[in-house]
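The values are calculated or read from the model by the stated rules, or taken from the named source; none is laboratory data. Being a predicted model, the structure only gives us computed values, none of them experimental. Neighbour counts are summed over all protein chains in view; Cβ atoms, including those assigned to glycine, are modelled from backbone coordinates with ideal geometry. These accessible areas exclude ligands, DNA and RNA; they are computed on the full protein's heavy atoms, side chains included. Shrake-Rupley method; radii C 1.70, N 1.55, O 1.52, S 1.80 Å.
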Amino acid sequence: MDQAQIRGEYAQWLLSAGHTWRARVLVLEQTLFERGWLDEGERAELATMRRDVDPGWWALIWRGRRIYGCGESRSSMRVRFRYLCPMSWAALAPSEDASVRSCVQCHERVYRCDSVDEAAMHAQAGHCVALPAALASETERQSGRRILVGRPDWDEMLVRQIFGDG
């Protein structure tokens, strides 16, 4: 049985279990995967429904998470923050791993990222990150700091993965 059949059966099961919106999200994701695009109505529907999708479930079903901004170069992708922390990387407590530090204010682990892909992976997991300002959106770069610390906006990054900047 191929992935399309498995996903089709899963969508049918979701419908029978009363999870209509999840079934529709799965169908739209399958359509995007097979066709490589969604029409305007499907894009709007998926964007609206995506706001209510559990991130853990989405991570399990979404196959396009490594495809950023359809039609735009990966080098143009930037990280936007849901929360830009006032703490600096230097002020965070070191750990046994040089790329991970702890915040003494909120007691979160902060992961140093050197690419948008790394930041996306940590954003999906709900982690705080530290990254060079050059990888951040224009708004965050205006802070003047060379390394930015905070919680990336996973929902916004995901929407850009699906729809690009347009």
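Please enumerate the residues belonging to segment 1-39 that are of a type in the set (D, E, K, R) and closer than 15 Å to ILE61 by Cα. Write out each step before concluding.
Taking segment 1-39 as the starting set, the residues that turn out to be of a type in the set (D, E, K, R) are 2, 7, 9, 22, 24, 29, 34-35, 39.
Listed by number, the residues that qualify are ASP2, ARG7, GLU9, ARG22, ARG24, GLU29, GLU34.
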So GLN142 clears everything in (1) open to solvent by 50 Å² or more (accessible area, probe 1.4 Å); (2) under 15 Å from ARG80 (Cα atoms); (3) in contact (Cβ under 8 Å) with a residue 12 or more places away in the chain except one condition, right? Which one?
(3)
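Looking only at residues that are at pLDDT below 75 and either of a type in the set (Lys, Arg) or out of contact with any helix residue (DSSP H, G or I) (no Cβ under 6 Å at 6 or more places or on another chain) (or both) in segment 68-86, which one is surrounded by the most Cβ atoms within 10 Å (Cβ to Cβ)? Break it down into steps so the answer makes sense when it comes.
Looking only at segment 68-86, we keep the residues that are at pLDDT below 75, and these are 68-77.
Those left that are additionally either of a type in the set (Lys, Arg) or out of contact with any helix residue (DSSP H, G or I) (no Cβ under 6 Å at 6 or more places or on another chain) (or both): 70-76.
On the way: CYS70: 16, GLY71: 8, GLU72: 13, SER73: 8, ARG74: 12, SER75: 7, SER76: 11.
Residue satisfying both the conditions and the ranking: CYS70.
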Candidates GLU34, GLU29 - the one that is open to solvent by 50 Å² or more (accessible area, probe 1.4 Å) and free of Cβ contacts under 8 Å to residues at least 40 places away in the same chain:
GLU34
For segment 1-54, name all the residues that are β-branched (Val, Ile, Thr), part of a helix (DSSP H, G or I) and either touching a helix residue (DSSP H, G or I) at 6+ places or on another chain (Cβ under 9 Å) or closer than 22 Å to TRP154 by Cβ (or both).
THR20, VAL25, VAL27, THR31, THR48
Every residue from segment 1-26 that is open to solvent by less than 80 Å² (accessible area, probe 1.4 Å) and of a type in the set (Gly, Ala, Ser):
ALA4, GLY8, ALA11, ALA17, GLY18, ALA23
